[in-house]
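The values are calculated or read from the model by the stated rules, or taken from the named source; none is laboratory data. Note that the structure is a prediction, hence the values are computed from the model and not measured. Backbone-built Cβ (ideal geometry, glycine too); neighbour counts: all protein chains shown.
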C-alpha cells in the first residue's frame, strides 16, 4: 500500500496537556460495516499502532447513513485521543459534498493524525454478467440504458460518486444500487444479484484473484501492480478518468498536542498536503453536476 500523508493546517491547534497519554486502550471507529476497504485498513493498522503506543487499539464498526453516523459520533467524542476515526474519501471529502445537512464539518470537527493509504477503485462484473472487458461493458450498458445494475457502498459514498463520474464522462446511464457498505454489496455481486460494482481495490482483490468476480477496469491514472493486466479507465477510452480514494486517521478537534504528537509518531510520518481539500472540491463538483443530494 502506498502511504499518503496529509496533516491539515490545524494540526498544531491542539490544546496542551500534562496528562500522560495513552494510559488506557484506544478505540478506532470504522463508520462502515465489516469487510470493506476502511474496515480492512483499520484492522490491518490497529495491531501495529497498538504496539507503537503500548496500549491495545480496538476497532469498532458503527455503520449507517453512508458513514456519517459513525463519523459524527467521533466528532462528538471527548477530544482526549482515545476515540479516533478511520476516515476516508467517503466520509471526509465525498460524503460532506453530497449530504444536504451533514452532521459534521470535516475541517472544523476533526484534526488529521496522519495518512495511511491511497487506493484505486475497480470496476468489476458479476460471474453471470456477459462481459469481460470495458468495451463489452460499454456495449451492454449502451444497449440497455439504465438497465445494467451497478452496486456501491451506499448513496453519497466515494464509490457512488465514482459511478456518477463514470456515467458523466462515458455518457452512460446505469442503474445505481446503493448498499449499507461494500461487504453486503460484494455478497450480492458474487451471487450475481447485481451485474457490476465499483469498489476499493483492497476490498475486491481477493475475489478477483480467486476468479469469483471479473475486473473490468481500474480508476487510477496508472495500472495497479496488483492487477497489471487490467487497464485503467483512461486507457479503456474514458480519457482523463481518475477516482483514487484515501484513508487516514483522524481525531476530534481540540485533541491535545501531546496526544496528537504520540499518535502521529505511531503512524511514523504525516506531512502537510492539500490533496484532501482538492479531492473534496472535485467530488463537490461531481455531486452538483450529477444532482446528487442525500437528505
Subject >> segment 22-47, residues that are without any contact (Cβ under 8 Å) to a residue 12 or more places away in the chain and either over 17 Å from residue 265 (Cα atoms) or surrounded by 17 or more Cβ atoms within 10 Å (Cβ to Cβ) (or both) >> reply: 44
**OP:** With respect to residue 124, determine if the residue is surrounded by 19 or more Cβ atoms within 10 Å (Cβ to Cβ), touching a helix residue (DSSP H, G or I) at 6+ places or on another chain (Cβ under 7 Å) and either at pLDDT 95 or above or over 19 Å from residue 255 (Cβ atoms) (or both).
**Re:** yes
Original post:
Inside segment 186-207, can you point out the residues that are touching a strand residue (DSSP E or B) at 6+ places or on another chain (Cβ under 6 Å) and at pLDDT 95 or above?
Top reply: 189, 194, 195, 196, 197, 198
Subject >> Among the residues listed as 69, 58, the single one being touching a helix residue (DSSP H, G or I) at 6+ places or on another chain (Cβ under 9 Å) and modelled with pLDDT of 90 or more >> reply: 58
**OP:** Could you please give the count of residues in segment 200-230 that are assigned to a helix (DSSP H, G or I) and either in contact (Cβ under 8 Å) with a residue 60 or more places away in the chain or under 22 Å from residue 88 (Cβ atoms) (or both)?
**Re:** 8
**OP:** Have a look at 75, 42, 63, 48 and point out the one that is at pLDDT below 95 and touching a strand residue (DSSP E or B) at 6+ places or on another chain (Cβ under 7 Å).
**Re:** 42
Subject >> Conditions (1) closer than 19 Å to residue 221 by Cβ; (2) under 15 Å from the mean Cα position of the chain (by Cα); number of the one not met by residue 170 >> reply: (2)
Original post:
Can you spot a residue in segment 247-269 that is loosely packed, with under 15 Cβ neighbours inside 10 Å, at pLDDT below 90 and not in a loop (DSSP other than H, G, I, E, B)?
Top reply: yes
**OP:** List the number of the failed condition for residue 214; all other conditions in (1) touching a strand residue (DSSP E or B) at 6+ places or on another chain (Cβ under 6 Å); (2) at pLDDT 90 or above; (3) not assigned by TED's automatic domain parsing to the domain that holds residue 131 hold.
**Re:** (3)
